[in-house]
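Here's the structure we're looking at; comments come further down.
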Amino acid sequence: MRQLSLLVIILSCQLGFTQEKTPNIILMIGDGMGLTQISSGMYANNNSTALEGFEFIGLSKTYASNQLITDSAASGTAMATGVKTYNGAIGIDPQKRPQKSILQYCQEKGYSTALLATSSIVHATPASFYAHVKSRNQYEDIALQLSEDRVDLFIGGGRKHFNKRKDKRDLIQEMTSYEFVNSLKQLKSSDAQKIGYLTYSDEPPKKLEGRKPALEDMAVASIEKMESLGKPFFMMIEGSQIDWGGHANEMQYVLTEFKEFNTTIARVLEYAKADGNTLVIVTADHETGGLALTGGNLKKSLARGSFNTEGHTATMVPVFSYGPTAKAFSGIYENTAIFNKMLETLTK
Ligand code: MG
Ligand code: ZN
């Protein structure tokens, strides 16, 4: 009897030891989301942000291999592949050699993969995780690479780069291993292993102009889909247009895009807390606009900003982390270290 109960204890210990399974990784990138964008969004949201629920905070140095001020391609590539490269480069090093991305490493480990963006899916940030091209502007080449079965689930705009191409090919027809859906409802009811959802023909509009579906709904539906596949998953979720608000020097644009991203962070964190084996990292590729928070009113949830540039700036950006190995993301480091820390999570 005693031996039997000992066996039960040993078995239940092994079964209950969930940390043995490699964790899900959800990397959330607020494009152009510097500390001032976060602060402004927080004060404009009743002095609250989902980022307050994270365990560890770090700072990332964003510069490119050839310039102090990075673009989203070089910084996306740094986080995705662990190499600093030149502005405009997607998934290649300064010598133009293709670099394996964290998404690819995850696939080799048996992970399911997903990419979600509020820009087109061929835009620099998501492209850095699956494509290898000399210039971020090669949208049709990037779409062609995505069509080669590189990601299990993707949601974003840019349909025209797949089906209204100079080479007359229709990649949506060619991608026979995928089911293409036109709504989150269809996505939820699909039992396909690979799903594409191209939300707009071109770049999706601003949230202020009614962009749909909401990023938080995309995230929740995608997490459910990933869970249903029964494997650990890697997911990159981009709040793409915080950056575009900065380029436009429009505070309302920045605040509304941040608000949606913040809501998405809250949903993802809820999931990670319930799941117990999901690493969540929230960061930015760079700051945009040189935004200063120069006025406002806490009681009225108002934040007033002033911009210094219509471009990006070189200030460090924060990194928030939660879950297994989250502690490794505290401190000050290069943006390339985000790749290395994720990779270490896979091998722990
Ligand atoms: Mg982007
Ligand atoms: Zn930008």
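Remarks
- Among residues of the range 56-73 that are assigned to a loop (DSSP other than H, G, I, E, B), those with a beta-carbon under 7 Å from a residue that is basic (Lys, Arg) at least six positions away or on a different chain give the pairs 64/84; 65/84.
- Qualifying residue in the range 162-182 (condition: touching a strand residue (DSSP E or B) at 6+ places or on another chain (Cβ under 9 Å) and in contact (Cβ under 8 Å) with a residue 40 or more places away in the chain): no
Residue by residue, here is whether (1) closer than 24 Å to residue 128 by Cβ; (2) more than 16 Å from ligand 1 (Cβ to nearest atom) holds:
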position: 286; (1), (2): yes, no
position: 292; (1), (2): no, yes
position: 317; (1), (2): yes, no
position: 347; (1), (2): yes, yes
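- When the range 82-115 is limited to residues that are of a type in the set (Val, Ile, Thr) and in contact with a Pro (Cβ under 9 Å, 6 or more places away or on another chain), the one that is surrounded by the most Cβ atoms within 10 Å (Cβ to Cβ) turns out to be 85.
- Pick from the range 263-278, criterion buried (at least 22 other Cβ atoms within 10 Å of the Cβ) and assigned to a helix (DSSP H, G or I), ranking: farthest from ligand 2 (Cβ to nearest atom): 272
- If you go through the range 26-62 and keep only what is farther than 23 Å from residue 259 by Cα and touching a His at 6+ places or on another chain (Cβ under 9 Å), you end up with just 62.
- When 246, 230, 210 are screened for being buried (at least 21 other Cβ atoms within 10 Å of the Cβ) and of a type outside the set (Asp, Glu), only 246 passes.
- Total residues in the range 279-299, condition within 16 Å of ligand 2 (Cβ to nearest atom) and surrounded by fewer than 23 Cβ atoms within 10 Å (Cβ to Cβ): 1
- Flag if residue 110 is over 16 Å from the mean Cα position of the chain (by Cα) and either within 11 Å of ligand 1 (Cβ to nearest atom) or closer than 22 Å to residue 22 by Cβ (or both): yes
- One residue stands out among those in the range 139-170 that are under 21 Å from the mean Cα position of the chain (by Cα) and polar (S, T, N, Q): the one that is farthest from residue 219 (Cα to Cα), which is 145.
- A count restricted to the range 321-348 and to residues that are assigned to a helix (DSSP H, G or I), β-branched (Val, Ile, Thr) and touching a Lys or Arg at 6+ places or on another chain (Cβ under 9 Å) stands at 2.
- In the range 100-125, of all residues being in a strand (DSSP E or B) and either more than 16 Å from ligand 2 (Cβ to nearest atom) or without any contact (Cβ under 8 Å) to a residue 12 or more places away in the chain (or both), the one that is farthest from residue 213 (Cα to Cα) corresponds to 112.
- Residues of the range 301-315 classified as on the phi > 0 side of the Ramachandran plot and within 16 Å of ligand 1 (Cβ to nearest atom), total: 0
- Meets criteria (surrounded by fewer than 18 Cβ atoms within 10 Å (Cβ to Cβ) and either within 15 Å of ligand 2 (Cβ to nearest atom) or among the polar types (S, T, N, Q) (or both)) for residue 48: yes
FYI, it's all coordinate maths here, none of it is from the lab. Source: prediction; values computed, not measured. Neighbour counts are summed over all protein chains in view; Cβ atoms, including those assigned to glycine, are modelled from backbone coordinates with ideal geometry.
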